[in-house]
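Here the structure comes first, spelled out in structure tokens, and everything after it is commentary.
The values are calculated or read from the model by the stated rules, or taken from the named source; none is laboratory data. Predicted, not measured: the structure shown is a model, and the values here were computed from it. Please note: Cβ atoms are built from the backbone with ideal geometry, for glycine as well, and neighbour counts cover all protein chains shown. All accessible areas refer to the heavy atoms of the entire protein, side chains included, with ligands and DNA or RNA removed. Shrake-Rupley method; radii C 1.70, N 1.55, O 1.52, S 1.80 Å.
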Amino acid sequence: MGSYITVLPVVFPFIASFLILAKPFENKTKMRWITISIVVINTILSLISIYAVPETYTNVFTFSEKLKIAFKVDGLSTVFGTMVSILWPITTLYAFEYMSHEKDEQRFFTFFVMSFGITMGVAFSANMLTMYLFYEFLTLATLPLVMHEMDAKAFHAGKMYIIFMMGGAAMAFIGLVIIISYSDGTDFLMGGILNLREIKNNLDVIRLVYIITFFGFGVKAAVFPLFFWLPTAAVAPTPVTALLHAVAVVKSGVFAIIRLTYFSFGAYILRDSWAQYTIMAIAMITILIGSGMAIKTSHIKRRLAYSTVSNLSYIIFGISLMSQGGLASGLLHMVYHAVLKITLFFCTGAILVQTHREYVKEIEGIGTKMPIIFGCFTICGMGLVGVPPFAGFHSKWNIAVSAVQINNLLAYAGIFVLIVSALLTALYIFTIVIAAFFPKSEALRGRDDTMVKDPGILMKSTIIVLTVVSVIIGFFPTPLLYVFDVIASSI
């Protein structure tokens, strides 16, 4: 098989995506078979790379001793890579039914498949240069997906998306230069790779560079004040927003921050410094603003987008604790949020396709007309709120426990923020559920809901499967917690 098996999940979708773009398909079924075949093959290749040949290092190209394009699967890659590999084919099946109501499917699935390979490039990157390159490729590959509708709203969303992402790229590049300049080797290593002898007299400058780079990668992770692109991107088709807001783009931002903090700069340089307190404070501010904006927003997809803003910073708050427990609980929330939020977006997309309704007040009374969709929405909503024992409770609980363990006043304030955010989350989730199942009588007057029903088998089955998965990982969190503790143990 050779070491280049690690490169195949990155390269294969990029090359294979041109099969979809090659010529117009008279029959959409053929295009869909090609698409799902590419995605499934790449999922298999990814899982083989992760579990059959772990820790294999592949140097693809060498520019200099410190500048290399290389791939390696370590513990952190395993978490992110597995999550992406499993959720992508599920999203593909969902997208088949959803996109049958949209135009330009061929273009959509070309960039959709291409983004899969690029995301795996981020996951499998062995060093900061490789990750930075694929991180920026992801922006370019997902831009056509954000702008898919090609109307005024899509162009506005695309413009915001590229402006924010290019600004983030510029800030992240500063950190890339410093890491290359002040490290003995650039390959990721738990504990950091900076040469302490060379930087010991300039630690505050190094920490400032870390903060700048944090905000650079934090654009995709939607940290305050750089989150405005995310709700705007909700104009994209639901399969795209599900991937943007749950799996690929935003989680790549969180993944990059973990690499930056623990595998490049090193927690020992940042712990108990103003740099640590800065990102901790930014995370708390983002959590509150995201939750608050979600309550104020009646548009369901944008409400979930603001919810993503908030929940991403739960993970960042865990990262900012600079402890084994903080990192492990942050990883747990990364996985839980991915499963819960992608399901909630899928439910919202199903509502849109079946009813063409987008606002909370418009869905009053249709819960009993779409029992499977709103039943799954309710279950995953409880997980997002953190109702025990559903997924979401354990990650939030462990983040709070880790905050207590570091014995820091700002961390204690973070626990208060988590509690407030949980209450706000309950409000913006359960108001949707209550409206669907317990409508006001006047809301139903003159409205014909006789044709409203659950969607077809592809959308319905993917939503049910993901909901079941969320329940299983919520009721049995111990295996995931054990794995994440092992990954974080060498901090």
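Report, in listed order, any pair from Lys23/Lys103; Lys28/Lys103; Lys301/Lys396; Lys23/Lys460; Lys28/Lys153; Lys296/Lys396 with a Cα-Cα distance greater than 21 Å. Distance filter (> 21 Å) returns Lys301/Lys396; Lys23/Lys460; Lys28/Lys153; Lys296/Lys396.
Against the chain, whose longest principal axis is taken from its Cα atoms, helix 152-181 shows a tilt of about 20°.
Proximity of backbone amide H atoms, modeled 1.01 Å from N, is registered between Lys68 and Phe63 at under 5 Å, excluding neighbours fewer than 5 places apart on the same chain. Based on alpha-carbon centroids, what's the gap between region 260-297 and region 56-84 in Å, whole number please? Value for the Cα centre distance between the two parts: 26 Å. Considering only alpha-carbon pairs that sit under 8 angstrom and 6 or more positions apart, the relative contact order computed for region 42-123 is 31 percent.
3J(HN,Hα) along region 302-312, derived from phi through the Karplus expression 6.51 cos²θ - 1.76 cosθ + 1.60 where θ = phi - 60°, amounts to 5, 4, 5, 5, 5, 4, 4, 3, 5, 5, 4 Hz, with x in place of Gly and Pro.
If a/c stays under 1.5 just call it rounded; otherwise compare a/b with b/c (prolate if a/b is bigger, oblate if not). Do that for region 185-272, with a ≥ b ≥ c from the square roots of the Cα gyration tensor eigenvalues. It is prolate, given that a/c is not under 1.5 and a/b is the larger ratio.
Electrostatic tally near Ala256: other residues with Cβ closer than 13 Å to its Cβ, Lys and Arg +1, Asp and Glu -1, net +2. Taking N as the residue count of region 1-139, its C-alpha radius of gyration divided by 2.2 N^0.38 Å amounts to 1.08. Tabulate in residue order the Karplus-calculated ³J(HN,Hα) for region 326-339, using 6.51 cos²θ - 1.76 cosθ + 1.60 with θ = phi - 60°, rounded to whole Hz; enter x for Gly and Pro. Each residue's phi maps through the Karplus curve to give x, 5, 4, 6, x, 5, 4, 5, 4, 6, 4, 4, 4, 5 Hz.
Accessible area of Ile285 (1.4 Å probe, protein heavy atoms only, ligands and nucleic acids ignored): about 70 Å².
Judged by the mean number of other Cβ atoms found within 10 Å, the most tightly packed of the peptides 268-278, 293-303, 149-159, 126-136 leads the ranking 126-136, 293-303, 268-278, 149-159. Using C-alpha pairs below 8 Å separated by at least 6 residues, the relative contact order for region 167-277 is 37 percent. The angle between the Cα long axis of helix 478-488 and the main principal axis of the chain comes to about 30°, on a 0 to 90 degree scale. Taking the empirical scaling 2.2 N^0.38 Å for compact globular proteins as reference, region 317-398 has a Cα radius of gyration ratio of 1.32. Think of it as helices only: each DSSP H run of n ≥ 4 in the chain is worth -39500 (n - 2.57), and spread over all residues that comes to -23000 deg cm²/dmol at 222 nm. Computed with every protein chain present, the accessible area of Phe63 is close to 120 Å² [probe 1.4 Å]. Apply the a/c threshold of 1.5 to the C-alpha gyration tensor of region 1-270 and tell me whether it is rounded, prolate or oblate. The shape class here is oblate.
Take the alpha carbon gyration tensor of the chain, find the square roots of its eigenvalues, order them as a ≥ b ≥ c, and report rounded if a/c is under 1.5; if not, report prolate when a/b exceeds b/c, else oblate. Oblate shape, in that a/c is at least 1.5 and b/c is the bigger or equal ratio. Computed in the context of the full set of protein chains, the accessible area of the chain at 1.4 Å probe radius has 69% of its extent on carbon or sulfur. Based on C-alpha pairs under 8 angstrom that are at least 6 apart in sequence, region 1-158 has a relative contact order of 29 percent.
Rolling a 1.4 Å probe over the protein heavy atoms gives the chain an accessible area of 37 Å² per residue.
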